[in-house]
Amino acid sequence: MTTKNPFPTVEYISPEYFCDRAEEQKKINEAITNQRNMTLVSRRRLGKTALIKHCFQLLNEKEPYSLHYFDIYATQNLNDFINLLSTSLVGYFESKPERTVNKLIQLLGKFRPRLSFDELSGMPFIELTLQSEADTHQSLEAIFEYLSQQKKHIVIAIDEFQQIINYPEKNVEAILRTHLQNCPNLTMIFSGSNKRMITSIFSDYARPFYQSSSFLFLQKIDNKIYADFIKHHFQKAGRHITNKSIDYIFEWTLGHTYYVQEFCNRLFASGNTNIEPHQCKHIAEQIIKERDPLYAMFRNILTKSQFKLLQAIAHELAVKQPNASAFIKSHKLVAPSTVNRALTALVEKDLIDYDNDEYSLNDIFLMRWLQRQP
Ligand SMILES: Nc1ncnc2c1ncn2[C@@H]1O[C@H](COP(=O)(O)OP(=O)(O)OP(=O)(O)O)[C@@H](O)[C@H]1O
Ligand SMILES: [Mg+2]
């Protein structure tokens, strides 16, 4: 039998394969048990979704909670949102006595709910027939009416919540806020990676969700704790990883969760029993080489000035003022106005992130690839 790789790179598995986040878990848990809404914010791939699933997993054993998670990244409008919400609510009750399923389906009967299967994942989902604005409102009303009648404390986590800003309908925020507010047994966990968009939903005075949630800004996992976690999992499999190797991994991935996980997953898969830095170097080479065809496309997708700026930022790891003359000069960029335009485009394309007063690349592997390009 092959040993399970202890470094998941796609999904949360279980507490055993989840490193730390004890403080954050405590804060989320406290918010839930005290019925306060919370919004989790971090850069891409730092571990928001996994943290929510981890908290839910730990809460799951406790009876009074009914926990629901859904990710609205792929939704385009309010009707998509309602379909996903219904799916996640019914999904929860699937393993419960059938009458509970029937109750929500019955309440939504007017909207002729159909069970479909996602083409890619094969997962079942519920699709309501919502033909007018009135249908949309009434279906939401039915769902929240149903939720408020439940005896359990309901927790709904909506991942990539900033997506609602892109919905074409008017007043989406106001509509959702009203329904959520009228459901006293409901606590919300919102999450998102677009810091500017997600914080504006909750901190702009004029917006419906103003101050309706506290924030939790997720940072990188502490290196020392992560190092112990990595060592522990290699040791458990009867293998050894040197401290120098771990230093190499953190330096190369900047300690960014997904990239550390991917790196360790590869190292583990290599089957080496005593891991030294030269093996880590080999993994780094492999990662870059594999992605070469994909990353090379950026030369065509981006304008020359965008590519040059991206590469310049990659060389520096992070830059406070990309339009400062010293930076422009040392990287042979053109002019501040060109840099500003390129910067805006790169942020819009999600290639660059602005966090802690600095610009840096979202994809650490792309950053390493760019550093090697002429
Ligand atoms: N504390 C952790 N310990 C171990 N693995 C983790 C931890 N946090 C996240 N991961 C793993 O790292 C990967 C990225 O995490 P996740 O998808 O949760 O990030 P995210 O912030 O939600 O990303 P995105 O912004 O793209 O939605 C996943 O494979 C996840 O299982
Ligand atoms: Mg996520």
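Based on this model, can you work out whether ALA50 counts as of a type in the set (A, V, I, L, M, F, W, C), farther than 20 Å from SER148 by Cα, within 13 Å of ligand 2 (Cβ to nearest atom) and surrounded by fewer than 19 Cβ atoms within 10 Å (Cβ to Cβ)?
Working: of a type in the set (A, V, I, L, M, F, W, C): yes; farther than 20 Å from SER148 by Cα: yes; within 13 Å of ligand 2 (Cβ to nearest atom): yes; surrounded by fewer than 19 Cβ atoms within 10 Å (Cβ to Cβ): no.
So ALA50 does not fit the description; no.
For segment 238-269, taking the residues that are small (Gly, Ala, Ser) and out of contact with any Lys or Arg (no Cβ under 9 Å at 6 or more places or on another chain), the one that is nearest to ARG291 (Cα to Cα) is identified as ALA269.
For segment 306-325, the criterion of a residue being surrounded by fewer than 15 Cβ atoms within 10 Å (Cβ to Cβ), more than 25 Å from GLN373 (Cα to Cα) and either within 29 Å of the chain's Cα centre (by Cα) or not aromatic (Phe, Trp, Tyr) (or both) is satisfied by no position. Take the conditions (1) at pLDDT 95 or above; (2) of a type outside the set (Asp, Glu); (3) more than 11 Å from ligand 2 (Cβ to nearest atom); PHE56 misses just one of them, which is (1). A search for C-beta distances below 7 Å between a residue of segment 314-342 that is closer than 18 Å to THR303 by Cα and any residue that is in a loop (DSSP other than H, G, I, E, B) and at pLDDT below 95, counting only pairs 6+ apart in sequence or on different chains, returns PRO336/ASN323; VAL339/PRO322; VAL339/ASN323; VAL339/LEU333; ASN340/ASN323. Looking across segment 210-229, the residues that are in contact with a Ser or Thr (Cβ under 9 Å, 6 or more places away or on another chain) and not hydroxyl-bearing (Ser, Thr, Tyr) come down to GLN211, PHE215, LEU216, PHE217, LEU218, GLN219, LYS220, ILE221.
The values are calculated or read from the model by the stated rules, or taken from the named source; none is laboratory data. Here the structure is a predicted model, which means the values were calculated and not measured. With ideal geometry, Cβ positions are generated from the backbone for all residues, glycine too; neighbour counts draw on all protein chains shown.
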